[in-house]
Every structure is written in structure tokens, then in C-alpha cells.
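Accompanying notes for the structure given below.
Just so you know, all these numbers are worked out from the coordinates, no wet-lab data involved. None of these values were measured; they are calculated from a predicted model. Positions of Cβ are generated from backbone atoms using ideal geometry, with glycine treated the same way; all protein chains shown enter the neighbour counts.
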Amino acid sequence: MKYFFLSLVCCIPCFAFAQYSSQQVDSIVLDALEKFEVAGTAVAVVKDGRVVHMKGYGIKSVQTGEKVDKHTNFAIASNSKAFTTMALALLVEEGKIAWDDAVIEHIPEFKMYNAYVTENFNVQDLLTHRSGLGLGIGDLMIFPDGSDFTIDDILASFQHFEPVSAFRTKFDYDNLLYLVAGELIARKSGMSWEAFVQKRIFDPLQMDKSYPSLGQVKDKKNLASPHTTAYGTLETFPDYKEMVNGAAGGIYSNVDDLTQWMLVHLNKGAYGDQLKDTLFTVRSQRELWKIHTSLSASTNPRYNSHFSGYGLGWFLNDALGNMIVSHTGGLPGMLSKTILVPDLQLGIVVLTNTEPGGGTFFNAVSQTILDAYLGLDNAEWVRRNYEYLQRKKKQGDASTDAVWEVVEKAKKKKINKGNFIGIYRDPWFGKIEVFDKGGQLWIKSHRSPKLNGPMHFYKANTFAVRWEYQDMNADAFALFSLDEEGKAQGLKMKGISPNIDFSFDFQDLDLTRIAE
């Protein structure tokens, strides 16, 4: 989940975006597409109850060269969270749950890090990133994909984490608690999260080409492939496998369907012919769009912002007197952004299939469009974001290159591999094994098979791990604690790159040696 911003080389006059032609939108998008080396994108804008722009650009896959169109499906990742909060709102409207119900009323085995928090943790606490736990806590159970952790493992994990702040006092973004919310929906509705979203949201809105999970995508011919430019050329890699449920980031959708999603929110729950049907109540929308966790407001005088926070599945802030409702999404090679401005009856969605440029791309395009509707002049978001991306990449590369240079110089260092070989266990992540593989120290997770790779001596009691998994930049340090004889007794880990995605929360592991 990455958050960036962007700009344009072309000159943008200071007048309302409604006066722009589709050709001018095309110019904005195509310029950014080339600059950020993004394989493909789709962009839609709704205004005053109608679709004013909707189009695909670039390619679905560098391997096929097939073009993106308005029906091309992308993983929308954490933009799925708003569908989860909407599903819960529907259950609240039906009286099956209340927002302030304790989670243990519905999921008795749910257990947090102390008794008070367990007893008082309510449904809204699952959705507002104020649990007291750290950023991305426990995400190693779902990142990278392909692990065997179950919803039962996730429900049992929270008791083992150390809080970093007092309960309900600080924002720290998480994914696992949304998976618990997905389980709650399943238990109270009698159907899976996926089935509920399909029946209660997709079907009424006629989002007939959207899917709550990758496994349900019927025709993958119009599915965008994830790409990366991290290795110098544009390359594809496999689609991200499903989590225990899709509540944190499982949906695949397209800009054609997502215009209906934006319009139903801008219409306060009304949809269909002449807006005669209602998906949700105004009361529910107010609850979703109310700040539950405060954040610092922007200090950029351009927007004259006064507040910022997180609602239920949405970020909330203001710009020039207009409330802005937004969210981003990020999975490997799939990055997206949705913006709603109810005061202007405006909605913008940008879907991309390339990292790392996709995050800066979606911010540049969406912010340029938003600024135009706000009547602002050209802030050159593409240029500024491109410079930011290059600066960040340069700093990250310099940091990681320095580590591997130390590793290279230490190659002749003799170590007693037997001091480190063994099985180590963490109470929530399970077993990690360090072993000899052809004369090379190697590490592997027993439950997350993509986390395996060679260990290279770095310095002191620390090794650098280069995972075989390279879809994302997740290489890590392994720091051993030794007894008086120099034999490893424990293991801590942390990411090597300063640009590592927060979902690789190696720092939350506390591994103890249990066997040689």
C-alpha cells in the first residue's frame, strides 16, 4: 500500500475541468503513462450524476501487448475496504449487528493483547486503524502471498503483538483487522464475504464485470497483469493469490463498474432508473464518512485544509471548503486511487498495473483532475512526483547497495554455520528454519514458502537475506542473539531497504530457537 503524488509537462489552464475535452484528458494520462513507465491504466471521472470520462490506456500485459479498455479488470486492493464497511453498514441497517458491539459478542475467540482491549474492542475498531498496534502489524501472514495461515490463525495472532500506542489514540494502518471484519460479515450474514459483496453490492449496482476475488474472475482475457520496472525493464509477474477473505483487498474491478460505485455514494445511496432504488441510508453514509481517527491536516496553503482523518474505509479531509473522501490501494504491481468530492458531485478513479511508478502515477493524474475542478492552476504534479519518485529510488538504491557492498567485502569471513543452524519459532508467525544448503546458510519460513533464500554474512551477528521472492523489494536483515559460547538463541529481522513496503513487518517477529 503506497501513497504518492504527481504532475504534468503539458500546460494546464486554470479553468474548470468540466471544460476539458476527452482529448485533453488523454494528453494528461498519456504523458504521465510514459514518464512513469506504467504499462497500463484506466481512468474514469463522474460529475453531476453522469460519466464524463472513462477510458483505458496502455497495455494489459507486456507479454501480449493487448490494450486496456474500460472493462479491463485490475486488482483494486485496499479500495476494497470501502466495500467491507458498506457490507457492515447493511448488516447494521438490518439490525444484525451494531457499530458499538464488542467483537467478542460475535467472534468469541477473538483476543487482543490485553483483557481490557479484548472486552472493549468494537466493530468500528476493526475498521479505523486505531487498535494500538503498529503499522502493518502481522501482514507477513498475507505478504507475500501463498502462505497457509487461516482465519483462525489471524484471530489468534493479536494477543501476541506488542502495542505501540494506547488503544484508540493513534492511527496505524492495518490489514488483518479488516480480515476479521470479513469473518464477522460471514458469521452474521450466513454467507462468505465474497458472496455478500456480490449479492448485496455488485448485483444491485449492475457491476457485472467485477469480482470479489481473483478465483471468481470468469474470463481472464480482460485482466490486467501486474508489472514491475524494478529491474530496469518492464516485466510481468504472477497475480497475487487470495487471502483468507477479500475484505482487506480482494476485489477485481474496472472503471466502467466503479463509476456506478462512485455514483451511488455521490447520490447518497440512491441508484437505478431515476434513482428510485436505495442501496444504503443517508445515516449509514454519515457514519462511514465521519472521522473516527484523527490525522494531521495538510499544511499546504494551496488547499486551505482544516481537518484530516479516517472514517470507515475512507480517508477524509477538506480542500478549499470541500470535503474530500478518498482511498488508495496497493498490491504487488497493482495500485489504484478513488476520490469523491460530494460537494462538487465529483468522482475520480485511477487504476494501474505497474510498480513502483503506478503509485506516483495515480496521484499525479487524480490530483491534476481534482485541482482543475477546484479551479486551481497547474501545480505540475507529474514533474514534482516524478522527481520525488526518482529521489526516493536513488536514496533507497544507495542504502541497499551499501549493504550488499559490505556483504561482498565480507565473503571471505569464516563463520561457524553450526552456531546459527536450527529451527526458530515466533508465537504468531510459526517456525523459521536456518540450514545449510550446498555450503550456503539458507533461511525459510515453514508457513510462508515464498520467504526463503540465502543468508549472507553482513557484520557482527547479522546476515543479509536475499529472498527468492522478488516481486516486491523485501530483502531483510537477520540479527541473531548469541549466548556466551556464540551460539544463536534468538532471531530478530528488519527490512534492508528504506523503501520496503510496510506490510513486510519483519520487525514484529520475535523468534526463539527451539531446536538444532
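So how do ILE423, ILE415 line up by other beta-carbon neighbours within 10 Å, fewest first? Write down the numbers at each step before the final one.
Details: ILE423 16, ILE415 13.
Sorted ascending by nearby Cβ count, the order is ILE415, ILE423.
For the range 188-204 and the range 243-276, what is the separation of their Cα centres, given in Å?
The distance from the Cα centre of the range 188-204 to that of the range 243-276 comes to 13 Å.
Would you mind getting me the FRET efficiency between HIS446 and ASP377? Use the beta-carbon distance for r and R0 = 45 Å, nearest 0.05.
Numbers: r = 56 Å, r/R0 = 1.25.
My answer for the efficiency is 0.20.
Out of these labelled values of semi-axes √(5λ) of the Cα gyration tensor in Å, [x] 39, 29, 20; [y] 57, 24, 19; [z] 43, 30, 24, which was calculated from the coordinates shown here?
Of the listed options [x] 39, 29, 20; [y] 57, 24, 19; [z] 43, 30, 24, [x] comes from this structure.
Taking the alpha-carbon centroid of each part, what is the distance from the range 109-177 to the range 347-423 in angstrom?
The distance from the Cα centre of the range 109-177 to that of the range 347-423 comes to 26 Å.
Let's see if you can work this out: charge +1 on each Lys and Arg Cβ, -1 on each Asp and Glu Cβ, no other charges. What is the dipole magnitude of the range 418-516 about its Cα centre, in debye to the nearest 20? Before the final figure, lay out each step's value.
Details: 12 positive and 14 negative charges, 30 e Å.
Dipole size: approximately 140 debye.
Between ALA270 and LEU479, what length in nm is gained on full extension when 0.36 nm per residue of separation is reduced by their alpha carbon distance?
Values: separation 209, 0.36 × 209 = 75.24 nm, distance 5.54 nm.
Taking ALA270 through LEU479 to full extension adds about 69.7 nm, to one decimal.
Pull up the cross-link candidates among the lysines for LYS290, meaning alpha carbon to alpha carbon under 29 Å and not fewer than 8 places away within one chain.
Those lysines meeting the cut-off are LYS2, LYS47, LYS81, LYS96, LYS111, LYS170, LYS188, LYS199, LYS268, LYS276, LYS337.
Work out from phi, with θ = phi - 60° and the Karplus expression 6.51 cos²θ - 1.76 cosθ + 1.60, the ³J(HN,Hα) of each residue of the range 192-200, listed in order in whole Hz, and give x for Gly and Pro.
5, 3, 4, 5, 5, 4, 4, 6, 9
Taking Cα atoms, how many degrees apart are the long axis of helix 22-35 and the longest axis of the chain, rounded to 10 and kept between 0 and 90?
The angle comes out at about 10 degrees.
Return TRP314, TRP428 ranked ascending by Cβ neighbour count within 10 Å, so the fewest neighbours appear first.
On the way: TRP314 23, TRP428 20.
Listing TRP314, TRP428 from fewest to most nearby Cβ atoms yields TRP428, TRP314.
If you take the square roots of the eigenvalues of the alpha-carbon gyration tensor of the range 245-360 and sort them as a ≥ b ≥ c, do you get rounded (a/c under 1.5), prolate (a/b over b/c) or oblate?
Values: a/c = 1.60, a/b = 1.04, b/c = 1.55.
In terms of gyration-tensor shape, oblate.
As I understand it, the value is the acute angle between the Cα axis of helix 381-409 and the longest principal axis of the Cα atoms of the chain; what does it come to in degrees, rounded to 10?
10 degrees
How many nm is it between the label spots at GLN390 and GLN470, if each spot is 7 Å from the Cα in line with the beta carbon?
That separation, rounded to one decimal, is 2.5 nm.
Tell me the volume per residue, in Å³, of the convex hull enclosing the alpha carbons of the range 417-515. Each step should come with its number before you reach the end.
Values: hull volume 9.6 nm³, N = 99.
Hull volume normalised by residue count: 97 Å³.
GLU405 versus GLU119, label points 7 Å from Cα toward the beta carbon: distance in nm?
Result for the modelled spin labels: 5.7 nm.
Roughly how tilted is helix 176-189, in degrees to the nearest 10 and between 0 and 90, from the longest Cα axis of the chain?
60 degrees
Under 30 Å Cα-Cα from LYS487, which lysines qualify once same-chain neighbours fewer than 8 residues away are excluded?
Leaving aside lysines fewer than 8 places away in the same chain, those within reach of LYS487 are LYS409, LYS411, LYS412, LYS413, LYS414, LYS417, LYS431, LYS437, LYS444, LYS450, LYS459.
Per residue of the chain, what 222 nm ellipticity follows from adding -39500 (n - 2.57) for every DSSP H run with n ≥ 4, rounded to the nearest 500?
Details: 11 runs with 128 residues, N = 516.
The helix contribution divided over the chain gives -7500 deg cm²/dmol.
Separation between the GLU66 and GLU516 pseudo-spin-labels, each 7 Å from Cα along Cα→Cβ, expressed in nm?
The two pseudo-label positions are separated by 5.6 nm.
Just report the Cα centroid separation between the range 26-61 and the range 80-97, whole Å.
Answer, in whole Å: 31.
Placing +1 at every Lys and Arg Cβ and -1 at every Asp and Glu Cβ, with all other atoms neutral, what dipole size does the chain have around its Cα centre, in debye to the nearest 20?
Working: 54 positive and 61 negative charges, 153 e Å.
My answer is approximately 740 debye.
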